[in-house]
Amino acid sequence: MNGTRFFRIIFSRLTGRRLDWLLAGFALLLAILPARALAPWTGDVARIVVVPIVPLMHLGMVVRDRIRPPRAAFDARAPEVVELELATERYRTLFEQSRLKAEALDREIAQLKAVRTRLGNSGVQLETASVVGIDPTRREGLVRINAGLRQGVHRDAAVIIHGDILGGIVANDPGEFVSLVKPAQRCSLSVRLYPADGVDAGLNPSAYPGTVLKPIDGGLWIGDIASDVEIREGQIARVTDDRFGSVARGMRVGRVRRILPNEQVPLARRVEVEPLAQLIDESTVVVAIDPPEARP
Amino acid sequence: MRWAIYILAVLVAVAIDSSLGGVLKIGDAQPRFLACVVVYAILSAPRAYAVRIAMLAGLLADLLSPTIRPDDSQLVVIGPWTLGFALGALAVLPLRSLLYHRNPISSGFATFVFSLLAAIVFVAVWVLRINLLSDESPSWWPGTGASEVWHQSKVAIANGVVAIPTVWLLDRSRGIWGFSTAKRLVHGAARETV
């Protein structure tokens, strides 16, 4: 039996229900393949498939923003007041950024030279990007933005919303023109909890309670506080992590929603933190692109 | 059935789900137009194609739903939605003879059944994957599989509701889909006039 005849017989038999079963079996095989067998090619296939859909998704996002404008536009107060409040929050963030930077410098005095170089020429590039797609099938809250390697976007680049809220980080393998962003609610973050109405400039940042926030179901975080320092609902969590570049440090991420007792450690407490803003509700974000030498 | 029209409709549905669909979100349940388009096609296309057209849409859903791995790299797993849509199609096929498939309300019910079964298979495949490959984290992490089924049940209800106007609209464009229509011959006067 020659090869041509063999394939002719195979294809003549692969019709109807047999073909359906074959395709289903193939899909099951692909579904249980380990990541190392899928990762090298499925991502590329997905990037190719998404190309014709991106303009439609972009159009859809524009229509969505027309139908349901971003929440800020619904604020009944005078726009000037809203803008001033946002500016105040931004300056608070800048203030906290500088204080946390100073704290880091005190701790890492041995590396003063390297830090000075970074501060002197931080070279962080801020790139505005549009959200061109959200993930409707999964609850991960992933979004696609129209900025990629061509714009200098790199993995773990901080994605900023509302001026100073860390909305998420760029996932691995950003594409040439489109990148996938992992929302902050899916990341474990080191934070400090600050009063909502501002801080005492005389107090050292380490006087405020710090914790590691771990993501839990429902898009919230939970963190353990071992010290007996005062914690109140409504306190603002600011990032102290170094993993997402210097820009992310000091940014707001969430607000303390509940303070719970820690059953395992009676003297400790547990805080439940809710995000200040949802990345999937945004239409425009800012990506902080670190210079190559400063990338985490 | 014209495959090009079907593929185009599926692409448009996916694009709407990924952007405009968020407007219709109630709580955390966002309806999916993709399910409506697939069910409309399953109810109207030849039976032999039903599973294949559902799997094609499922493949697209898989490709556009990357998951994030513990090392922060993205991974596209092909299969969970493909198989889910296939089983959904197998569940809807017997309903063709029970339902008047050009009635939007019966399409809404079929969409609910389709979405629910597709979601159950999706969760089951992921559970199988987690058990076989211990380093994988499911897309619904840090929730549980049961919470995901509950969430997807709400999405299935939303899909069923959205399917009623969507299928009605799709039925307006029935002519371009190229579905074969069988006409019943009537004895008597009508036949005599031919």
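The values are calculated or read from the model by the stated rules, or taken from the named source; none is laboratory data. From a predicted model like this one, the values you see are computed outputs, not experimental measurements. Cβ coordinates were reconstructed from backbone atoms using ideal geometry, including for glycine residues, and neighbour counts include every protein chain displayed. Calculation scope for accessible area: heavy atoms of the full protein, side chains included, ligands and nucleic acids excluded. Shrake-Rupley method; radii C 1.70, N 1.55, O 1.52, S 1.80 Å.
Cβ-Cβ distance below 7 Å, separation of 6 or more or different chains: which pairs start in the range A:1-30 with a residue that is more than 17 Å from residue B:84 (Cα to Cα) and end on one that is modelled with pLDDT of 70 or more? Partner pairs satisfying both residue conditions: A:14/A:22; A:16/B:48. For the range B:122-143, indicate whether the set of residues that are more than 11 Å from every other protein chain (Cβ to nearest Cβ), open to solvent by less than 30 Å² (accessible area, probe 1.4 Å) and closer than 30 Å to residue A:155 by Cβ is non-empty. Yes, the range B:122-143 contains a residue that is more than 11 Å from every other protein chain (Cβ to nearest Cβ), open to solvent by less than 30 Å² (accessible area, probe 1.4 Å) and closer than 30 Å to residue A:155 by Cβ.
Against the condition more than 7 Å from every other protein chain (Cβ to nearest Cβ) and in contact with a Phe, Trp or Tyr (Cβ under 9 Å, 6 or more places away or on another chain), how does residue B:65 come out, does it pass?
Numbers: more than 7 Å from every other protein chain (Cβ to nearest Cβ): no; in contact with a Phe, Trp or Tyr (Cβ under 9 Å, 6 or more places away or on another chain): yes.
The answer is no for residue B:65.
Looking across the range A:199-212, the residues that are farther than 11 Å from residue A:238 by Cβ, surrounded by 13 or more Cβ atoms within 10 Å (Cβ to Cβ) and not polar (S, T, N, Q) come down to A:209, A:212. Of all the numbered requirements in (1) at pLDDT 90 or above; (2) of a type outside the set (Phe, Trp, Tyr); (3) surrounded by 22 or more Cβ atoms within 10 Å (Cβ to Cβ); (4) closer than 17 Å to residue A:273 by Cα, residue A:181 misses one, and that requirement is (4). Restricting the range B:31-46 to residues that are assigned to a loop (DSSP other than H, G, I, E, B) and touching a Phe, Trp or Tyr at 6+ places or on another chain (Cβ under 9 Å), the residue that is surrounded by the fewest Cβ atoms within 10 Å (Cβ to Cβ) is B:46. If the condition is being part of a loop (DSSP other than H, G, I, E, B) and either of a type in the set (A, V, I, L, M) or closer than 29 Å to residue A:47 by Cα (or both), then the range A:173-196 contributes A:173, A:174, A:175, A:176, A:177, A:178, A:187, A:188, A:196. Within 12 Å of chain B (Cβ to nearest Cβ), outside any strand (DSSP E or B) and touching a strand residue (DSSP E or B) at 6+ places or on another chain (Cβ under 6 Å) - does that describe any residue in the range A:160-171? Yes, the range A:160-171 contains a residue that is within 12 Å of chain B (Cβ to nearest Cβ), outside any strand (DSSP E or B) and touching a strand residue (DSSP E or B) at 6+ places or on another chain (Cβ under 6 Å). When residue A:246 is tested against (1) at pLDDT below 85; (2) more than 30 Å from residue A:55 (Cα to Cα); (3) exposed (fewer than 14 other Cβ atoms within 10 Å of the Cβ); (4) among the polar types (S, T, N, Q), exactly one condition is not met: (3). Inside the range A:40-57, can you point out the residues that are farther than 12 Å from residue B:74 by Cβ and either open to solvent by 40 Å² or more (accessible area, probe 1.4 Å) or at the interface with another protein chain (Cβ under 7 Å from one of its Cβ atoms) (or both)? Residues satisfying the conditions are A:40, A:41, A:45, A:48, A:49, A:50, A:51, A:52, A:53, A:55, A:56, A:57.
Of all the numbered requirements in (1) surrounded by fewer than 18 Cβ atoms within 10 Å (Cβ to Cβ); (2) more than 10 Å from chain A (Cβ to nearest Cβ); (3) at pLDDT below 90, residue B:25 misses one, and that requirement is (2).
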